[in-house]
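The values are calculated or read from the model by the stated rules, or taken from the named source; none is laboratory data. Treat the numbers as computed from the prediction; the structure is a model and nothing was measured. Positions of Cβ are generated from backbone atoms using ideal geometry, with glycine treated the same way; all protein chains shown enter the neighbour counts. When the accessible area is computed, the model is the full protein with side chains, heavy atoms only, and any ligands, DNA or RNA have been set aside. Shrake-Rupley method; radii C 1.70, N 1.55, O 1.52, S 1.80 Å.
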Amino acid sequence: MSEKIFRSPKKKGKMAVFLSGRGSNFRAIHDSILKGKINAEISVVFSNKRKAQGLKLAKERNLNTLYLNPKDYSSKVDYDKTVIQELKKIGVDLICLAGYMKILTPHFCQQFPHRIMNIHPALLPAFPGLHVQKKALEWGVKYSGATVHFVTPDVDMGPIILQSVVPVYQDDTEETLSERILKEEHRIYPEAVKLFFQGKLEVRGRRVFIY
Ligand code: GAR
């Protein structure tokens, strides 16, 4: 059976950014757009948290925002179906999860194959999930880093687009390690989005090729 190949579109794209907190990765992506480095616009910044700092930042930047309260829905699938409807109305080409701390349902992921990216503060497949820097310190790894990957129903296990490595020092705390990794996140996430809309990403099975 021949392998299905996905090539990212070369076009001016419409993006959605999903966040639940501070929004520093959203800011890094938006700054890159404002500098003309990414051929896309952010059509909506979406959150499951009304008080997310990132949502406030998006409003200050005059971006379209959307908040939906998960408690207003009878199930996770119902919630995601409403979000999907909103995104399809806009016609988004790419969804960037930027500290979105709610697991997407498989139904959601299946609606946007190779159209959802996530940033994770570790070198996947090591340390998926939460409290990642704590786990890295406890394990005693000498290097950690950041990963941008496509999102599939297997949480934190989709095809890897870009990674960046940072050293772990003996006197590191969760805070100092997180800070070192975050710097790299802010560099590689905009880069991955840029490559996507330059039509330079090709996914073959688990592997992402950059042209
Ligand atoms: C970032 O460190 C991101 O990698 C992490 O949440 C933080 C959000 O920061 N995401 C995950 O852990 C996802 N599993 P930000 O709101 O300042 O972008």
Q: Please find, within segment 13-31, the residue that is farthest from VAL193 (Cα to Cα) out of those that are more than 8 Å from the ligand (Cβ to nearest atom) and open to solvent by less than 10 Å² (accessible area, probe 1.4 Å).
A: PHE18
Q | Sole exception among (1) within 15 Å of the ligand (Cβ to nearest atom); (2) touching a residue at least 24 places away in the same chain (Cβ under 8 Å); (3) in a strand (DSSP E or B) for VAL166, by number | A | (2)
Q) If you check LYS35 against the conditions, is it in contact (Cβ under 8 Å) with a residue 40 or more places away in the chain, basic (Lys, Arg) and under 22 Å from GLN198 (Cα atoms)? A) no
Q.
Taking the conditions exactly as written (surrounded by 13 or more Cβ atoms within 10 Å (Cβ to Cβ) and in contact with a helix residue (DSSP H, G or I) (Cβ under 9 Å, 6 or more places away or on another chain)), does VAL155 satisfy them or not?
A. no
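Per-residue answers, yes or no, for (1) of a type in the set (Ser, Thr, Tyr); (2) open to solvent by 20 Å² or more (accessible area, probe 1.4 Å); (3) away from the ligand (no atom under 13 Å from the Cβ); (4) more than 24 Å from ARG187 (Cβ to Cβ):
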| site | (1), (2), (3), (4) |
| --- | --- |
| ALA40 | no, no, yes, no |
| VAL45 | no, no, no, no |
| ARG50 | no, yes, yes, yes |
| ASN69 | no, yes, yes, yes |
| ASP80 | no, no, yes, yes |
| ILE103 | no, yes, no, yes |
Q) Which of the residues that make up segment 124-138 are within 12 Å of the ligand (Cβ to nearest atom) and in a loop (DSSP other than H, G, I, E, B)? A) LEU124, PHE127, PRO128, GLY129, LEU130, HIS131
Q: Could you tell me which of the residues HIS131, HIS107, HIS120 is open to solvent by less than 20 Å² (accessible area, probe 1.4 Å) and at pLDDT 95 or above?
A: HIS120
Q | Close pairs (6 angstrom Cβ cut-off, 6 or more residues apart or separate chains): closer than 12 Å to ILE95 by Cα and free of Cβ contacts under 8 Å to residues at least 60 places away in the same chain in segment 105-134, within 8 Å of the ligand (Cβ to nearest atom) and in a strand (DSSP E or B) anywhere | A | ASN118/LEU97
Q: Could you grab me the full set of residues in segment 165-182 that are under 19 Å from the mean Cα position of the chain (by Cα) and surrounded by 14 or more Cβ atoms within 10 Å (Cβ to Cβ)?
A: SER178, ARG180, ILE181, LEU182
